[in-house]
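Q: Here you go, one structure.
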Amino acid sequence: METVKALVSNGADTFRGNYQGETPLIRSVLSTHNCDDQTFLALLQVLHSSIWAIDTAKRSVLHHAALTAGVKGRAPFARYYMQGGLSWIATHESADFKSIIDLQDEHGDTALNIAARIGNRGLVRTLLDVGANRTLANKLGLRPGDFGVESDVSFIF
């Protein structure tokens, strides 16, 4: 964290991405160390301006957190990152979830669609709780409910 703070305070560009356009914040949810050390909220304090950034596949940090849940053994990490990002938005961005929650990537997938596809009920519930659009289809016409994640009426269209 000290290195990140020093880099940013000396002018490092928090929006600068790698070849795929993944910013430092996006890359941080692809590893486990911020969860292991419980430093993601501290990292958000420094990199928060890039929470709205998207990569070249039009994926946000929320998309990447959902994708992380699809890696064996990483679901708890994904939940930590998802909840941290949404908590930051709720606390510091007047709960403006709509500008990011239903963002569709190049395949038309939202973070909810990804979470439903990989079968992570916890992420699905978290995203629905902040108002994710459960009827938004991807480019193949698939909606979150098409993946059978929840059997309750919340996914019946």
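The values are calculated or read from the model by the stated rules, or taken from the named source; none is laboratory data. The structure displayed is predicted, hence computed values, not measured ones. Neighbour counts are summed over all protein chains in view; Cβ atoms, including those assigned to glycine, are modelled from backbone coordinates with ideal geometry.
Q: Name every residue in the range 48-62 that is part of a helix (DSSP H, G or I) and either modelled with pLDDT of 95 or more or among the acidic types (Asp, Glu) (or both), in order of residue number. Step through it out loud before you land on a result.
A: To start, the set of residues in the range 48-62 that are part of a helix (DSSP H, G or I) comprises 48-52, 61-62.
Once the filter is applied, which keeps residues that are part of a helix (DSSP H, G or I) and either modelled with pLDDT of 95 or more or among the acidic types (Asp, Glu) (or both), the range 48-62 yields Val61, Leu62.
Q: Give the residues of the range 16-59 that are among the small types (Gly, Ala, Ser), farther than 19 Å from Pro76 by Cα and surrounded by 15 or more Cβ atoms within 10 Å (Cβ to Cβ), sorted by residue number. Walk me through how you get there before you give the answer.
A: So in the range 16-59, the residues among the small types (Gly, Ala, Ser) come out as 17, 21, 28, 31, 42, 49-50, 53, 57.
Now drop any that are not farther than 19 Å from Pro76 by Cα, which leaves 17, 21, 49-50, 53, 57.
Correct list: Gly17, Gly21, Ser50, Ala53.
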